[in-house]
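Report on one structure; see the data block that follows.
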């Protein structure tokens with residue numbers, strides 16, 4: 001949640017039992033908005049897999065950012081800082 005907040009993405013919904021978060025960013029000067037889904041899968045006792053899916057709110061919006069790298073970089077920085 002801290003990563004999403006830092007990136008100015010608003011949490012639209014979350015489900016701890018199924019380990020997913022849906023986030024959004026609304027209209028900006030350069031974008032009509034984006035939708036982001038984050039899925040966390042436990043792989044072993046000590047490791048997890050994080051999948052990020054980033055979609056433009058409107059397909060023709062060429063300026064909407066792809067949030068994959070930003071979210072993964074922020075998550076990695078937080079994990080390595082611990």
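None of the figures in this text is laboratory data; all of them are computed from the coordinates on show. All values derive from a computational prediction rather than experimental measurement. Positions of Cβ are backbone-derived with ideal geometry, glycine not excepted, and every protein chain shown enters the neighbour counts.
Here residue 17 meets the list (1) within 19 Å of residue 1 (Cβ to Cβ); (2) surrounded by 14 or more Cβ atoms within 10 Å (Cβ to Cβ) almost entirely, failing just condition (2). Restricting the search to strands (runs of 3 or more DSSP E) fully inside the chain and requiring at least 3 residues that are touching a helix residue (DSSP H, G or I) at 6+ places or on another chain (Cβ under 8 Å) and without any contact (Cβ under 8 Å) to a residue 40 or more places away in the chain gives 48-56.
Within the range 1-14, can you find the residues that are loosely packed, with under 14 Cβ neighbours inside 10 Å and within 15 Å of residue 53 (Cβ to Cβ)? So that I can check it myself, show each step before the final result.
Looking only at the range 1-14, we keep the residues that are loosely packed, with under 14 Cβ neighbours inside 10 Å, and these are 1-2, 5-6, 8, 10, 12-13.
Those that are loosely packed, with under 14 Cβ neighbours inside 10 Å and within 15 Å of residue 53 (Cβ to Cβ): 12, 13.
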